[in-house]
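Visitor: There's a structure below that I have some questions on.
The values are calculated or read from the model by the stated rules, or taken from the named source; none is laboratory data. If you're wondering where the values come from, they're calculated on a predicted model, not measured in any experiment. We place every Cβ from the backbone using ideal geometry, glycine too, and count neighbours over all the protein chains shown. With ligands, DNA and RNA removed, areas are computed over all heavy atoms of the protein, side chains included. Shrake-Rupley method; radii C 1.70, N 1.55, O 1.52, S 1.80 Å.
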Amino acid sequence: MKNFINLKDISVKDLRKILDDAKQRKSKRRKLSTLEADKDKPLKGKLFIQMYEKESSRTRLSFHIAIRQLGARSITVKSEELHLGKGGESLADTAKILSTYGDGFMLRTDSDKKINEFKKHMTVPIINGLSPSSHPTQILSDVFTIEEIKKKPISKLQICWIGDGNNNVINSLIEASVKLSFKLNIGCPRKYEPKKILLNWAKKNKGKIQIFNYSIKAAAGSDVVFTDKVISMNDKVNKFKKLKDFKKFKVNSKVMKFAKRDAIFLHCLPRGDEVSDDVFLGKQSKVWQQALNRVHVQKSILLYCLNKLR
């Protein structure tokens with residue numbers, strides 16, 4: 001049994017095994033419809049429990065499809081319908097109950113403390129579908145998409161992030177950059193740079209990360225340009241002020257011209273004003289392929305957690 005909570009806690013060997021398995025499984029599904037199971041049905045008879053404490057479109061849909069394609073079934077429970085430390089039942093007891101009924105648990109939560117508490121008491125794997133500090137399933141899927149399009153290891157590419165330097169997506173991207181040894185440029189306003197503790201960890205582990213306070217400098221010579229909503233789901237800030245602070249960090253055609261000519265644009269969605277329509281809807285944008293690949297990579301993550309990777 002293995003958990004999938006933060007990329008920094010997973011070995012490079014295992015991350016590569018997940019990516020390789022996803023590539024093989026995707027190629028074998030070309031003639032299958034969305035809800036047809038893979039021919040080997042590796043998780044037949046298994047039940048996965050999902051719980052969403054935050055809004056979700058891609059994570060919810062992609063996990064449902066991924067579980068179905070592996071031959072398993074899923075049930076989604078609402079947090080307000082469970083005790084979760086209320087009504088006389090401790091969080092530890094809830095974790096044990098979930099472990100009794102299911103073979104795995106996918107949690108999309110508004111609390112890092114909660115996901116760690118579940119981890120302590122569950123006897124089945126727990127997958128982080130998003131937490132305030134981490135979005136590992138998103139970023140590993142993005143790595144898959146980049147390598148699929150560029151047809152080379154991400155370690156040979158330069159990746160650029162333009163936007164808030166301190167949210168769950170960039171945190172996981174920083175962890176991935178260290179684990180998979182790729183160059184990462186981060187373009188953000190000075191007061192929105194990544195947390196020092198994470199940058200220090202990256203430096204200690206030979207990360208190739210540069211911080212720029214100008215979007216054009218961050219994008220220069222990059223193979224991939226990422227961005228995300230300026231106001232994320234976890235933000236408890238003055239939204240008007242933050243949007244004003246990021247006015248010069250919009251990804252538009254001018255910014256993309258400083259990246260390589262064959263650079264691609266990625267966005268984890270949903271989008272806001274942080275990207276112009278001509279970029280988001282343009283030829284360099286691969287956001288729909290990026291979203292679909294969540295299914296394929298999450299299948300391999302599920303197999304990893306249950307020690308079923310080939």
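Visitor: Looking at K13 and the list (1) out of contact with any Asp or Glu (no Cβ under 9 Å at 6 or more places or on another chain); (2) in contact (Cβ under 8 Å) with a residue 40 or more places away in the chain; (3) open to solvent by 50 Å² or more (accessible area, probe 1.4 Å); (4) not in a loop (DSSP other than H, G, I, E, B), which single condition is not satisfied?
Guide: Single failed check for K13: (2).
Visitor: Being closer than 25 Å to P136 by Cα and of a type in the set (F, W, Y) is the filter here; which residues of the stretch 253-292 pass it?
Guide: If the condition is that a residue be closer than 25 Å to P136 by Cα and of a type in the set (F, W, Y), then F265, F280, W288 are the ones that fit.
Visitor: Continuing with the same structure: List pairs: first in the stretch 147-174 and at positive phi, second at pLDDT 95 or above and part of a strand (DSSP E or B), Cβ under 7 Å, 6+ apart or cross-chain?
Guide: Pairs found: G163/T227.
Visitor: Among residues belonging to the stretch 256-310 that are hydrophobic (A, V, I, L, M, F, W, C) and over 21 Å from the mean Cα position of the chain (by Cα), point out the one that is most open to solvent (accessible area, probe 1.4 Å). Talk me through it step by step, then tell me what you get.
Guide: Taking the stretch 256-310 first, the residues hydrophobic (A, V, I, L, M, F, W, C) are 256, 258-259, 263-266, 268-269, 275, 279-281, 287-288, 291-292, 295, 297, 301-303, 305-306, 309.
Now restrict to residues that are over 21 Å from the mean Cα position of the chain (by Cα): 256, 258-259, 279, 281.
On the way: M256: 8, F258: 98, A259: 10, V279: 11, L281: 115 Å².
Among those that are hydrophobic (A, V, I, L, M, F, W, C) and over 21 Å from the mean Cα position of the chain (by Cα), it is L281.
Visitor: Report whether or not E89 is under 25 Å from A291 (Cβ atoms), not small (G, A, S) and not in a helix (DSSP H, G or I).
Guide: Working: under 25 Å from A291 (Cβ atoms): no; not small (G, A, S): yes; not in a helix (DSSP H, G or I): yes.
No: the conditions fail for E89.
Visitor: Could you identify the single residue in K203, K242, K248 that is without any contact (Cβ under 8 Å) to a residue 12 or more places away in the chain and among the charged types (D, E, K, R)? Break it down into steps so the answer makes sense when it comes.
Guide: Working: K242 fails: without any contact (Cβ under 8 Å) to a residue 12 or more places away in the chain; K248 fails: without any contact (Cβ under 8 Å) to a residue 12 or more places away in the chain.
Just one listed residue meets the conditions, K203.
Visitor: Here is a follow-up. Taking the stretch 103-123 only, how many residues are buried (at least 21 other Cβ atoms within 10 Å of the Cβ) and within 22 Å of D21 (Cβ to Cβ)? Walk me through how you get there before you give the answer.
Guide: Filtering the stretch 103-123 down to residues buried (at least 21 other Cβ atoms within 10 Å of the Cβ) leaves 104-108, 115, 118, 122.
Remaining after also requiring within 22 Å of D21 (Cβ to Cβ): 104-106.
Selection size over the stretch 103-123: 3.
Visitor: Yes or no: the stretch 293-305 includes at least one residue that is at pLDDT 95 or above, in contact with a Ser or Thr (Cβ under 9 Å, 6 or more places away or on another chain), under 20 Å from I186 (Cα atoms) and not basic (K, R).
Guide: Initially, the stretch 293-305 is screened for residues at pLDDT 95 or above, giving 293-305.
Narrowing the set further to residues that are in contact with a Ser or Thr (Cβ under 9 Å, 6 or more places away or on another chain) leaves 293-298, 301.
The next check asks that each one be under 20 Å from I186 (Cα atoms); those that pass are none.
No; the residues of the stretch 293-305 include none that is at pLDDT 95 or above, in contact with a Ser or Thr (Cβ under 9 Å, 6 or more places away or on another chain), under 20 Å from I186 (Cα atoms) and not basic (K, R).
Visitor: Quick check on my filter: what residues within the stretch 16-46 are surrounded by 15 or more Cβ atoms within 10 Å (Cβ to Cβ) and of a type in the set (A, V, I, L, M)?
Guide: I18, L19, A22, A37, L43
Visitor: Give the number of residues within the stretch 36-57 that are over 27 Å from E147 (Cβ atoms) and among the hydrophobic types (A, V, I, L, M, F, W, C).
Guide: 3
Visitor: Just for helices (runs of 4 or more DSSP H) wholly inside the stretch 117-207: which have at least 3 residues that are among the charged types (D, E, K, R) and within 18 Å of the chain's Cα centre (by Cα)? Break it down into steps so the answer makes sense when it comes.
Guide: On the way: elements: 136-150, 168-179, 196-204.
Hits in the stretch 117-207: 136-150.
Visitor: Further question on the same structure: Consider S99 carefully, then state whether it is in contact (Cβ under 8 Å) with a residue 24 or more places away in the chain and of a type outside the set (A, V, I, L, M). Write out each step before concluding.
Guide: Values: in contact (Cβ under 8 Å) with a residue 24 or more places away in the chain: yes; of a type outside the set (A, V, I, L, M): yes.
Yes; evaluated as a whole, the condition is true for this residue.
Visitor: Oh, and also: Of the conditions (1) in a loop (DSSP other than H, G, I, E, B); (2) more than 17 Å from T145 (Cβ to Cβ), R60 fails just one. Which one is it?
Guide: Going through (1) in a loop (DSSP other than H, G, I, E, B); (2) more than 17 Å from T145 (Cβ to Cβ) one by one, R60 breaks only (1).
Visitor: If you don't mind, there's one more thing I want to ask. Within the stretch 213-255, how many residues turn out to be more than 23 Å from the chain's Cα centre (by Cα), of a type outside the set (V, I, T) and open to solvent by less than 70 Å² (accessible area, probe 1.4 Å)?
Guide: Result for the stretch 213-255: 7.
Visitor: Hey, another quick one. Which pairs turn up if I take residues in the stretch 68-79 that are within 12 Å of L98 (Cβ to Cβ) and open to solvent by less than 40 Å² (accessible area, probe 1.4 Å) and look for partners that are among the polar types (S, T, N, Q) and in a strand (DSSP E or B) with beta carbon separation below 8 Å, at least 6 apart in sequence or on another chain?
Guide: Filtered contacts from the stretch 68-79: V77/Q50.
Visitor: Pick out, from the stretch 233-306, the helices (runs of 4 or more DSSP H) lying fully within it that include 2 or more residues that are touching a Pro at 6+ places or on another chain (Cβ under 8 Å). Talk me through it step by step, then tell me what you get.
Guide: Numbers: elements: 239-245, 253-258, 277-280, 287-305.
Of the helices (runs of 4 or more DSSP H) lying wholly inside the stretch 233-306, those with at least 2 residues that are touching a Pro at 6+ places or on another chain (Cβ under 8 Å) span 287-305.
Visitor: Quick one: count up the residues across the stretch 80-102 that are open to solvent by less than 30 Å² (accessible area, probe 1.4 Å), of a type outside the set (A, V, I, L, M, F, W, C) and either in contact with a helix residue (DSSP H, G or I) (Cβ under 6 Å, 6 or more places away or on another chain) or at pLDDT below 95 (or both).
Guide: Matching residues across the stretch 80-102 total 1.
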